[in-house]
Structure formats: structure tokens, C-alpha cells
Amino acid sequence: MKITEALLAEHMVFHNLFDHLEVAAAGFKSLREVKCAAALLEKLLKAHSDTEDALFLGPLEHCFEQIGQRDAFVAEHHEMDGQLRLIQKATRLTEARRLLLGAVAHSERVLKSKTLTQLGQTWHEQRIRVSR
């Protein structure tokens, strides 16, 4: 299995989790429930991000720098982490729920197939220009 296939498979799992959280968030009755869901999501995303950094972005860093995408990947990971950490500091259920749904929406935008395909196309076009 290619690392890209493994990471894509994890992305599919995340999309299912995001769908579940979008529905479940409305039913959370306590701040603790939201914080637990956010902590779980944060832990799973951190493991994915670490793998992605070590096995995909790290070895291909020079390619991502050439197409100007390296900083975007790093910034997206930090943004997701920061949003999830804010939930742990929330003091009201409505605030925590809003932050959780915002983090899920942000993560969906970053991990969606269309975004990854666009990045792949940009990389491909850059590689063609470099090889000529």
C-alpha cells in the first residue's frame, strides 16, 4: 500500500467522524460531552498529522516548497490543533458546541477530496514545468 492510499483511507474515516459529530453535537447536553468529543478528535487528528508529517510531507518537503504548499499544510495543521484546544478552555456548552462544529467544518475543508485533488494537480503541473 502506498502512503498516499493509507492517508486517504484515514481521511475517509475522518469524514465519517465529522458527519457523526455534526449530527451528535446538537444532542450534547453537557460541556463535558463536547470536550470529550473534541479531545477524541484532537487525538485522532494528531496521530494522523504526525504520520502525514513524518512519512509524506517530510520526505516530499522540497516538492511542496517548490509549489508553495508546504507552509499551507503546516498552517492548516496548526489551525485545526488550535481550534480543538480552544474547546477545552470553553466554559459554556453553546460556546464549546460552536467551536466544535467550527473545527469540524475547517477540518472537512482541509481534508476534502477536492482540495487534495487540486493540490495534486498543482504539484503535477509544477513537475511538468520543472522537467521541461
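The values are calculated or read from the model by the stated rules, or taken from the named source; none is laboratory data. The structure presented is a predicted model; accordingly, all values stated were derived computationally and were not measured. Glycine gets a Cβ as well: all are built from the backbone with ideal geometry, and neighbour counts include every protein chain shown.
Before moving on, here are some points about what is shown:
- When the stretch 74-132 is filtered for residues that are modelled with pLDDT of 85 or more and among the small types (Gly, Ala, Ser), the ones remaining, listed by number, are Ala90, Ala96, Gly102, Ala103, Ala105.
- The stretch 1-28 - residue that is among the charged types (D, E, K, R) and touching a residue at least 24 places away in the same chain (Cβ under 8 Å) and, of those, nearest to Leu99 (Cα to Cα): Glu22
- Of all residues making up the stretch 82-109, the number that are surrounded by fewer than 15 Cβ atoms within 10 Å (Cβ to Cβ) and either among the aromatic types (Phe, Trp, Tyr) or under 11 Å from the mean Cα position of the chain (by Cα) (or both): 2
- Some residue of the stretch 43-54 being assigned to a helix (DSSP H, G or I), at pLDDT below 75, surrounded by 14 or more Cβ atoms within 10 Å (Cβ to Cβ) and at negative phi: yes
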